[in-house]
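The structure under discussion appears below in the form of C-alpha cells.
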Amino acid sequence: MQIDLTEQVALVTGSAHRVGRAIAVELARRGAHIMVHYHASTPETVRDTLQEIKSMGVDAFAVQADISSAQGVEDVFTAVREHFGRLDILVNSASLFQKRRLLDVSLEEWEQTLAVNLTAPFLCTQAAAAVMRRSDPPGGVIINICDKGADGPWPEYAHHGVSKAALLALTQVSAASLGPDIRVNAVIPGPVMKPSGRPMTEEEWERIGAPLPLARTGTPEDVARAVAYLASESFITGAVIHVNGGEHLI
C-alpha cells in the first residue's frame with residue numbers, strides 16, 4: 001500500500017541547506033509539513049529554506065540545535081511536540097564530512113564525527129519512536145542518509161566512513177527492532193553535489209561521474225526522490241537504496 005504524505009509531519013535533520021534541504025523540499029512538495037533542523041546555517045539560509053517549503057502550501061518550522069548532544073536532540077523533539085504534536089517521518093540527514101586518513105584522525109575529530117553521524121541518529125531514532133508510537137494509529141518511518149563508507153573502506157575519509165558504516169548497521173537493527181509499526185530504511189548517495197569548501201569546476205565535477213556505470217553525476221533531488229519513495233511505500237523496511245549512478249558496482 002502506498003502512503004499519502006499529505007498532512008504528514010517530517011523532521012529532517014540538517015535540512016537548511018544542501019541535500020537535507022532538497023529532501024525537505026521534496027517531502028513538502030508531496031504535502032508533508034516540515035520541521036527544519038539546523039545547527040550552524042545562517043539566518044538567511046534558514047529563512048530562504050522555510051520560504052521555499054511554505055510556498056508548497058504546507059506548514060514549516062525551524063529549530064536550531066547541536067544534536068551531537070542528548071540535550072540538543074531533546075530540544076529538537078520538544079519543538080516537534082510543541083509545534084506539530086506528532087511525527088510521521090524522521091530523516092537523519094545531518095552529517096560531518098571531514099577528509100582524514102586513519103592515522104591523521106585525532107581523538108577529538110573521531111568523537112565529534114561519531115557524535116553527529118551515529119550517536120545523533122541513534123538518539124533521534126529513540127525519540128522519534130516514542131512520538132510515533134503515541135500517534136493514533138501508531139506508526140511512522142525513519143530514513144537514514146548514509147554514504148560511500150557504508151559500502152566498504154574509504155581510506156581518505158576514515159572516521160566519516162566508519163560512522164556511516166555503523167549508521168547502516170543501526171538502520172538494520174532499528175528495522176528489525178521497531179516493526180511492525182515503524183519502518184526504517186537507508187539511502188546511500190554518491191556524487192550528487194560538489195563538496196562544500198572545495199572549489200571545483202564543472203569539468204572537474206563531470207570527470208568524477210565519468211567512470212560510473214551511468215557516466216554522470218547526480219543531483220540532491222535524486223536523493224530526495226528516493227527518500228520520498230521510502231517514506232511512501234508501506235511494505236519496505238531494512239532496505240538500502242543506492243543513489244550513486246552505480247558507484248557501488250565499481
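General remarks:
- Filter pass, LEU103 being within 27 Å of THR237 (Cβ to Cβ) and in a helix (DSSP H, G or I): no
- Close pairs (8 angstrom Cβ cut-off, 6 or more residues apart or separate chains): in contact (Cβ under 8 Å) with a residue 40 or more places away in the chain in region 212-232, surrounded by fewer than 19 Cβ atoms within 10 Å (Cβ to Cβ) and among the polar types (S, T, N, Q) anywhere: SER232/GLN2
- Residues of region 42-67 classified as over 23 Å from ALA231 (Cα atoms) and surrounded by 21 or more Cβ atoms within 10 Å (Cβ to Cβ), total: 1
- Annotation note: of GLY14, GLY20, the sole residue that is buried (at least 18 other Cβ atoms within 10 Å of the Cβ) and touching a Pro at 6+ places or on another chain (Cβ under 9 Å) is GLY20.
- Residue match in region 187-201 (condition: among the hydrophobic types (A, V, I, L, M, F, W, C) and under 30 Å from ARG133 (Cα atoms)): yes
- Residues considered: ARG133, ARG101. Of these, the only one that is charged (D, E, K, R), surrounded by fewer than 22 Cβ atoms within 10 Å (Cβ to Cβ), modelled with pLDDT of 95 or more and closer than 30 Å to HIS33 by Cα is ARG133.
Here's the yes/no breakdown for (1) surrounded by fewer than 20 Cβ atoms within 10 Å (Cβ to Cβ); (2) in a loop (DSSP other than H, G, I, E, B); (3) out of contact with any helix residue (DSSP H, G or I) (no Cβ under 7 Å at 6 or more places or on another chain):
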{"residue": "ILE142", "(1), (2), (3)": "no, no, no"}
{"residue": "GLY149", "(1), (2), (3)": "no, no, no"}
{"residue": "GLY152", "(1), (2), (3)": "yes, yes, yes"}
{"residue": "HIS160", "(1), (2), (3)": "no, no, no"}
{"residue": "SER163", "(1), (2), (3)": "no, no, no"}
{"residue": "ALA166", "(1), (2), (3)": "yes, no, no"}
{"residue": "GLN172", "(1), (2), (3)": "yes, no, yes"}
{"residue": "ALA176", "(1), (2), (3)": "yes, no, yes"}
{"residue": "VAL184", "(1), (2), (3)": "no, no, no"}
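- When region 191-221 is limited to residues that are in a loop (DSSP other than H, G, I, E, B) and of a type in the set (D, E, K, R), the one that is modelled with the highest pLDDT turns out to be ARG216.
- Per the conditions (1) at pLDDT 95 or above; (2) out of contact with any His (no Cβ under 9 Å at 6 or more places or on another chain); (3) under 22 Å from ARG18 (Cα atoms), the sole criterion not satisfied by ILE188 is (2).
The values are calculated or read from the model by the stated rules, or taken from the named source; none is laboratory data. What you see is a predicted model; the values in this text were computed from it and never measured. Cβ: placed from backbone, ideal geometry, glycine included. Neighbour counts: every protein chain shown.
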